[in-house]
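See below for the structure under consideration.
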Amino acid sequence: MFGFADFSALRTCVAQDWTPTIGDPEITGWLTVLSYLLSLVLAVLVLRRNPAGLARGLWITIAGLLAFLALNKQLDLQTALTATGRCAARVQGWYDERFWVQLGFIGVLIAVTLVVLIVALRSLRGRMARNGLALIGLTVLCGFVLVRAVGFHHVDQLISMDFASIKFNFLFENAGLLLIDLNALLLLRRSNTPRHHAQVRPSRP
């Protein structure tokens, strides 16, 4: 358990390693934030209009993830979490054994991601055709989050490269958002299409 002295030392250590700042001040960072907010608005509209064939569980999951990632994009909360873990290891004296804690954290993160995808899949029974793009987009986003959070060295190096001055991680992240947006627009268009009711023909005498 943390005592007052330990908590004070932890707070001092974290303050040295991390300070609140804009995580990605470049134009691509702010464009990605806007992309997250646009996708979130579309996801909420889809849930409110509830078009035929909607997989509500999938879209609730998407809306929650988008809200968190939009908030985290510029707050850089994962850096604060990493700094807190590193400082806790130093204060409590298990810094040399931190590998096993990191391994456990990675395992929990992967397990949570798999659970999210399984829940999303279960909500798609009989609705895959109308929600498939959103599922692919969600999978791309979860893959991006895992790569950045876990720090797979070679993969992280690859998506940090750039093409025509645009980093692959920007393209990777926004590709998932674009797929979600396209699926949302298709569902919203479907909800605005008037339904034609079959006319009841009078029976012949």
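The values are calculated or read from the model by the stated rules, or taken from the named source; none is laboratory data. Just so it is clear, the model here is predicted, and its values are computed rather than measured. Here the Cβ is made from the backbone with ideal geometry for all residues, glycine too, and neighbour counts use every protein chain on show. When the accessible area is computed, the model is the full protein with side chains, heavy atoms only, and any ligands, DNA or RNA have been set aside. Shrake-Rupley method; radii C 1.70, N 1.55, O 1.52, S 1.80 Å.
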*Any idea of ILE136's accessible area? Nearest 10 Å², probe 1.4 Å.*
90
*What FRET efficiency would be calculated for the residue pair ASN192, LEU121, taking the C-beta separation as r and a Förster radius of 30 Å, to the nearest 0.05?*
0.60
_By accessible area with a 1.4 Å probe, ligands and nucleic acids excluded, highest first: order of TRP59, TRP100, TRP94_ = TRP100, TRP94, TRP59
*Taking R0 as 22 Å, what's the FRET efficiency between ASP96 and ARG11 from their Cβ-Cβ distance, rounded to 0.05?*
0.45
*Taking every pair of alpha-carbon atoms in the range 89-137, give the share separated by more than 13 Å as a whole percent.*
68
*Where the accessible area of the range 43-144 is counted over protein heavy atoms with a 1.4 Å probe, how much of it, in %, is carbon and sulfur?*
67
*asked:* Going by average Cβ density within 10 Å per residue, which order do the peptides 172-182, 71-81, 42-52 take, highest to lowest?
replied: 172-182, 42-52, 71-81
*Stretch VAL41-ASP76 to full length: gain in nm at 0.36 nm per residue minus the Cα-Cα span?*
10.4 nm
*Could you state how much accessible area TYR95 has, in square angstrom rounded to the nearest 10, with a 1.4 Å probe and all protein chains kept in place?*
70
*Between ASN50 and ILE110, how many nm apart are label points set 7 Å from Cα along the C-beta direction?*
3.9
